[in-house]
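Notes for the one structure printed next.
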Ligand SMILES: NC(=O)c1ccc[n+]([C@@H]2O[C@H](COP(=O)([O-])OP(=O)(O)OC[C@H]3O[C@@H](n4cnc5c(N)ncnc54)[C@H](OP(=O)(O)O)[C@@H]3O)[C@@H](O)[C@H]2O)c1
């Protein structure tokens, strides 16, 4: 197990690259192993990044288990075996060609997996020691930001900003959010506080009420308490909360939406229950003019101009550097511990992120598990 995070991790000097590396290899939905594979070679426009750390996000677990059927049911979309891992951080160690990549060599960067044409998945992600990505997918990190926090730069912080930006287009007076004790939910709490937007937070356990109150959340409702629906309705009416950030799905979407005022918009951005939306009364959408829409960070970013994206990244780096967007870390693990880490993480997600450290060499026990 990796013991602790360091502000600036040791890195192999550039030029001394190995020929092979350890990589988590996904062989099909739910099937993975840690294998010794050749180092990938970056093409023009791409760089090679030595990955120091990478979080396990819900989207990683969905992709690995095959829940993203849109991709995994199509044999032409995902080229197995491949390394999963949506985001991470490390040091750029080689350039495949191009001025952007050349300027990045030697820099500490936050990265996301390579964006490929036609939403293909043929190039591996961050759960390996070295990955290739496009120079455009690398964001240089300030010296003051640890690689660990930097590894969580993209997915949650940018989505929190994107969700709030989207809510503002509806000119709502207040917002409601489910799964509010998530890392993303806590970022929304901070953003709404800064912008003085009343926010009704919904959690499912008493200790999460305490957790959110401690970071300054004003309205926190526990959905496991009796009278939850009435209290939500009363508060949503009073504050005129007509935008819902919904990350649970299953029965939660309808249970919450039916307490919200006429003309409310439910922005669905997660599926933490891992179940389809159920029990939704069509009359909510017809008679009460309520609406459902999806939010996906990738789509949100592509709608923005390059300048819009750059200013969003800049704002995000500022919020992260200020500590407002700091993510909690529950545990640090090696590539060989990912399977157990996912199970532990799912059992208590509010505890914080599990961070994978791919440079951690295998222990003798890991090696015997490889036989
Ligand atoms: N659409 C996008 O572009 C996008 C981008 C980023 C993130 N997301 C989504 O944002 C959500 C939050 O991500 P995160 O990384 O911040 O999560 P996280 O920190 O891992 O926390 C997940 C939270 O959800 C709660 N939760 C889990 N299952 C639940 C259920 N069935 N009902 C109610 N609450 C439940 C957990 O509570 P317990 O401790 O009680 O389990 C925990 O507080 C995820 O759904 C993720 O997929 C979407």
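The values are calculated or read from the model by the stated rules, or taken from the named source; none is laboratory data. Just so we're clear, the structure is a prediction, and the values are computed from it rather than from any experiment. Here the Cβ positions follow ideal geometry from the backbone for every residue, glycine too, while neighbour counts run over all protein chains shown.
Of the residues screened, residue 115 is not one that is over 17 Å from the mean Cα position of the chain (by Cα) and within 28 Å of residue 19 (Cβ to Cβ). Looking only at region 161-211, residues that are more than 16 Å from the ligand (Cβ to nearest atom), without any contact (Cβ under 8 Å) to a residue 12 or more places away in the chain and within 28 Å of residue 354 (Cβ to Cβ) come to 0 in all.
Of the residues that sit in region 212-223 and are at negative phi and assigned to a loop (DSSP other than H, G, I, E, B), which one is farthest from the ligand (Cβ to nearest atom)? Before the answer, list the steps.
Going residue by residue through region 212-223, those that are at negative phi are 212-215, 217-223.
Subsequent filtering for residues that are assigned to a loop (DSSP other than H, G, I, E, B) retains 215, 217-218, 223.
Numbers: 215: 13, 217: 13, 218: 18, 223: 7 Å.
Step by step, filter region 212-223, then rank; the result is 218.
Surrounded by 15 or more Cβ atoms within 10 Å (Cβ to Cβ) and over 17 Å from the mean Cα position of the chain (by Cα): does that describe residue 264?
yes
Tell me whether region 341-354 contains one or more residues that are over 30 Å from residue 167 (Cα atoms) and touching a residue at least 24 places away in the same chain (Cβ under 8 Å).
Going through region 341-354, the residues over 30 Å from residue 167 (Cα atoms) turn out to be 341-344, 347.
Pick out the ones that are also touching a residue at least 24 places away in the same chain (Cβ under 8 Å) and you get 341-342.
There is at least one residue in region 341-354 that is over 30 Å from residue 167 (Cα atoms) and touching a residue at least 24 places away in the same chain (Cβ under 8 Å).
Across region 355-370, a minimum of one residue is classified as within 16 Å of the ligand (Cβ to nearest atom), in contact (Cβ under 8 Å) with a residue 60 or more places away in the chain, touching a strand residue (DSSP E or B) at 6+ places or on another chain (Cβ under 6 Å) and in the same structural domain as residue 129 (by TED's automatic domain parsing). Residues that are surrounded by 11 or more Cβ atoms within 10 Å (Cβ to Cβ) and modelled with pLDDT under 90 were ranked within region 9-27; the one that is nearest to residue 61 (Cα to Cα) is 9. Evaluation of residue 309 against the conditions (1) outside the structural domain of residue 183 (by TED's automatic domain parsing); (2) more than 16 Å from the ligand (Cβ to nearest atom) shows that the sole unmet condition is (2). Of the helices (runs of 4 or more DSSP H) contained entirely in region 61-174, those carrying at least 2 residues that are more than 27 Å from residue 326 (Cβ to Cβ) and touching a helix residue (DSSP H, G or I) at 6+ places or on another chain (Cβ under 6 Å) fall at 99-104.
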